[in-house]
Structure formats: C-alpha cells, structure tokens
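Below is one structure, written out as structure tokens; the observations come after it.
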Amino acid sequence: MYGRATTLYPRTLEMLDQLDLLDQMNQIGFIGRNSVTYKDGERVTSRGWHTMFQRMDGTYLDYCLNIRQKYSEGVFRDAYKTLGGEPYIGWKLESFSVDHAAEDDYKVTSHIRDLNTDEAVTVKSKYLVGADGGHSQVRRLAGITSEGEQTEYKWIRIDGHLKTNMPDAHMGFASIESKSHGNVLWVQLDHGAKRIGFAVTEEMLAKYGERITEEDAKREAVKAMEPFTLEFESVDWWTLYSIKQSVADTFISDDRIILAGDACHTHSSGAAQGMNTGVHDAVNLSWKLGGMIKGWYIKEVIETYNTERRGAAQYLIELDKAFSATISGQIPETHKGRYTDANELFTKLFDETVQFNIGLGVHYEENIINKAPTTGMISAGWRGPDSLVYAPGSRLPTRLFTLTKNHGRWSIIIFAGQPIETGKELAVATDKLRALASALPEGMVRFLTIVGQHVSNGDQYFGIPRLGHMCFDPDQSAHTAYSISPMNGAVVVLRPDGLLAYATKLDKVGNVATFFEGLTRAA
C-alpha cells in the first residue's frame, strides 16, 4: 500500500511544481529542512544528511518533501483524471507486438487482461511505455536485458507511528551511526508517521535466518536506536529487501517500446534516489513523447531520452555501490586502505556528489536538443536558473519558473537588457523571432520578454519591442543569473523541462531558427 519511495529533492520538487502538482503534495507531506546525526548518543555535525541542506542553493525550493508513494500516486492519479484521463487499475499486460509496416502510426498492438473480471482487451497505440517496476513485464516481453550486481546487503525499513526520546526526532531526518546496525536512517513522514531503516548484519542472519518476522524487525529496530528508546504504537508497512544495482541495456527498443523508472534501473534506497530518478525519467520523456505523437519532432529527439537518462542512471548506479556499502557499515573495495570508518566515508561521498543527489546538478551532454550557447555562462543541458521578475505595474515578484511552466512547450526568453542600449537589435530580433513562431507548429513555443529596468519605468512599456509575456528585471538579477549583459541582451532557449537548450546574442537570432530546424519535421 505504501511503497518504499518517500523523499523528494529540490530539483524534483521544481519539476512537480512546474506541472502544478507540488502545492497539493506539500499539503500532505512533511517539509524537511534539516537533519541531525548521532554517534554514541552524542550529536555530531557535518555528518550524514546534514551537509545536504547546507548545499541547497540556487533554488527557491530549498527543502525535502517526505511523502509516501501511496499519497503521491494519489495526487498524480487525481491530476490525470482532471485532464480527462482514465486510469485502468488491475490490468495485466500479456503480450504486445510492433508492426512497422502498419499503414497508420499505431504500430504497437498490446493485449491486456482485467485480473478481476478476466476481460481481455486489445489496444493499439503509437508507443508503449513500461513504468512497471523492477520486475517489468514490458522489459521482459521486449527482450531487454538488465544486467547488474546482486549484493550481499539486506536492509529493513519500517513505517509507522513510533515514539523515541532521541532529541530533534521531528526535524525531518536523522542518522544514528550504530556499531551494530550500520548507518541507521530516521525519517519524519506524512500524517505523523516515522520511518526507521537499518542494515541486516551477519549476526542477525545467523540469529533469524532468512525468515525475519515483523516482530524480529521491531526488536532489532529498538536495538538500532540505542542509546535512545523506541516504542511502536503501530506499523503501517515494513519490508526486508536485498540490494541490487542494474541498468537496462537500452531504455528504448524497436523505436516504440520505452522503459522508465525502476523498469530500467534498480538500486538501493540509501540516497533516496528511486522516486526522484523516476520523476526525472518521466519528465524527460513526456515532452519528447508528446511532441513525437503530435508530429513535431524528428526521431532523433526522442532518442535523446535513452542517451540522457541512461547516462544519468549509470552514474547513479556507480554512486549507489559505494553508498549501499557504507550505509551497511562496510568499506567498498575501492576505498579500503584509505578509510576505516564507513560513516566518515559516506559523509565524504555524499558531500562530493550532493548536487547530483538533490537533482540540481543533473545535466546532459550536448546533442540535437542541447547546443553549445554562443553567449552567457550556462552550459547546454544544464538546469536554467530560476529568478524573480515583475509584471508591469506589479509590486510583487513572480518566479521565472512560474512563467515557464512545463506544458510541453519550449520557452524562448528574450533578455532585452536596457532598451535604451539594445533597442535597435531588439526590434530586429523580435521581428525575426515572430517569423520563426509562424513557421513552427502551433503551441510548440512560448515567448517571454525580460526588460532589464525598473518596473516603475512602465511608461516606456509600449515603446519596447517584445514578444509574449513581458516583465521587468529591476535589479537585473535574472540577467545576471543567465550571465547576460544588460547592455547587450540575448535570446535564451529553454527546453520544456527547463534545461538550457541554446543561447545566442540579440543580433544572431537567426541561429535560433537554425536550432529548431535541426529538430523539427518539415511541414
């Protein structure tokens, strides 16, 4: 009912916010803004999760959201229904085939069955997406191998209403560096629930064998919390599971079969990457898939899903090998001889990779949708910075991310700089971009003009060349975030998922047209 996934990091929160899902999730989950670590009953700083919160800069969503998968899936399902979709629950995929010779674009034929009524249905579709977990039926039927390593590590997780005398137990996160149970995890969850997690040691396996019961798990949880006390008022869910790291050989098969989430990569929950990585997969895929279905893009666009997300998954797996070992109280072979304290090594590894772990540092190499910019200091494939801007006449700022919601559209941002300096180039640029808009499919792009002057100078509003929504950047912080000179201006192209696709000078906007010509299908 509840599932393992619970913690969502800042970049994932930004993605969900741009899909209008975060507000409701924040109403349900627990907002975590700090962490505490204990060793031998004493609080220690700069250890465990503590360092992560110190590094959450560059985002307005500088917190973690702890919400169990049961509740987050409920929010997603309700939003899907609001859009007119109908979720089919309790259906099993039995088989599928791909007919590339089909006359229409519905080349995938799937056979599914309702497990409650035994009703069988045949579905024709343009694509089939397997987001069906680590034991993916879609992956198996597609013949996609997912090689990996089965470790000897086993972990226990228990969710419920728990009581402890550990100080700051309600802070959000806690780590207990236990001599007998590895790096013990403590998480404040939604609805007042808590989670405790710890490693299953050789001593436990010798004592209980492979058949550890809930009572055994609770008994060991009490020991794991020592020297603090632990009482169980109720248990919502618990699990004992083995750690395996694997990545599917490909995330796209036969041009039409696509994998996402645990279906194409599995790892431990040590750094709480599971659902975050799954959301990153889904967001990366959805706008590309939507554009392909609409007939906007050439085939190479959706192929970037495989190269971008599989590369990120492979990097995560390598990190997870070290994380899962240190959390289990072991020193990985690659670090033996240099470290003797697994908790110290975990802190070092986590600190070195924290930007990737919280998502703000996830980025992709240059490709057909990530072209090297000719202005600014943001690299293609990296997250475009958020910033505060002002609508005409407004005293209240608006986040740039709010103006570039992820509706599957590209955002072309005209950084107008100071019009008194950029006016001539700005007028020519807006004319050329207006022509580009008429040449692209309807709904594919949106425009935003950011003027680098104070909102009180709105009397000049009608004299400033612009496209789309116009707003002011009085302290030029938005220009600075994108390293754009207010004296020169620039044009920045953001992908629908908010990553920088391309940037160029105002007098080189023809390059923007060339960029889009390289990824769109001819009319």
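Computed from the coordinates by the stated procedures, all read-outs in this text should not be read as laboratory data. Given the structure is predicted, the values throughout are model-derived calculations rather than measurements. Cβ placement follows ideal geometry from the backbone for every residue including glycine, while neighbour counts extend to all protein chains displayed.
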Please compute the contact order of the stretch 297-396 in relative form: average sequence separation of alpha-carbon pairs under 8 Å and at least six residues apart, divided by the residue count, as a percent. 19 percent
For the stretch 193-236, which GluC sites (Glu not before Pro) pass both filters: DSSP loop (anything but H, G, I, E, B) and at most 13 other C-beta atoms within 10 Å? Glu210
Remind me, relative contact order of the stretch 171-246 in percent, using alpha carbon pairs under 8 angstrom and six or more residues apart? 22 percent
Separation of the Ile298 and Lys424 label points, Cα + 7 Å toward Cβ, nm: 3.6 nm
Charge dipole (debye, nearest 20) of the stretch 388-517; +1 at Cβ of Lys and Arg, -1 at Cβ of Asp and Glu: 240 debye
Charges on Cβ only, +1 for Lys and Arg, -1 for Asp and Glu, centred on the Cα centroid of the stretch 154-193; of His191, Gly172, Gly160, which one is farthest towards the dipole's positive end? Gly160
Taking the Cα centre of the chain as the origin and placing charges on Cβ (Lys, Arg +1; Asp, Glu -1), which of Gly274, Gly143, Asn26 is farthest toward the positive end of the dipole? Asn26
Centroid-to-centroid separation of the stretch 272-321 and the stretch 465-480 [C-alpha atoms, Å]: 31 Å
For Lys194, counting only lysines whose alpha-carbon sits under 17 Å away and dropping same-chain residues fewer than eight positions off, the answer is Lys70, Lys163, Lys218, Lys223
Which aspartates and glutamates does Lys124 reach when only Cα atoms under 12 Å apart count, and residues fewer than 8 places away in its own chain are ignored? Asp99, Asp104, Asp105
The chain, relative contact order [Cα under 8 Å, separation at least 6], %: 14 percent
I want to check the label-to-label distance for Gln314 and Ser97. Put each point 7 Å from Cα in the C-beta direction and report it in nm to one decimal. 3.4 nm
If packing is taken as the mean number of other Cβ atoms within 10 Å per residue, what is the order of 473-483, 433-443, highest first? 473-483, 433-443
For an R0 of 41 angstrom, estimate the FRET efficiency from the Cβ-Cβ distance between Thr307 and Thr340 and round to the nearest 0.05. 0.55
Assign unit charges at the C-beta atoms only (+1 for Lys and Arg, -1 for Asp and Glu), then state the dipole size of the chain relative to its Cα centre in Debye, rounded to the nearest 20. 700 debye
How high is the FRET efficiency from Leu205 to Glu352, r the C-beta distance, R0 22 Å, rounded to 0.05? 0.10
Sorting Ser438, Phe232, Asn367 by the position of each Cα along the dipole of the chain (Lys, Arg +1; Asp, Glu -1; all at Cβ), the one nearest the positive end of that ordering is Ser438
For Val492, Val235, what ranking results if the residue with the fewest other Cβ atoms within 10 Å of its Cβ goes first? Val235, Val492
Counting only helical runs of four or more DSSP H residues, what would the 222 nm mean residue ellipticity of the chain come to if each run contributes -39,500 (n - 2.57) and the total is spread over all its residues? -9500 deg cm²/dmol
Using the Cα gyration tensor of the stretch 379-446, with a ≥ b ≥ c the square roots of its eigenvalues, what is the shape: rounded (a/c below 1.5), prolate (a/b larger than b/c) or oblate (neither)? oblate
Where labels lie 7 Å past Cα in the beta-carbon direction, separation of Ser477 and Lys223 in nm: 5.3 nm
If the cut-off is 17 Å between C-alpha atoms, which lysines fall inside it for Lys126, apart from same-chain ones fewer than 8 positions away? Lys107, Lys288, Lys294, Lys299
Sorting check: for 85-91, 498-504, 109-115, which peptide has the highest mean count of neighbouring beta carbons within 10 Å, and how do the rest follow? 498-504, 109-115, 85-91
Just report the Cα centroid separation between the stretch 32-86 and the stretch 109-152, whole Å. 30 Å
What FRET efficiency, computed as 1/(1 + (r/R0)^6) with R0 = 56 Å and r the Cβ-Cβ distance, is obtained for Thr109 and Leu396, rounded to the nearest 0.05? 0.60
How far is helix 419-439 tilted off the main Cα axis of the chain, in degrees rounded to 10, range 0 to 90? 80 degrees
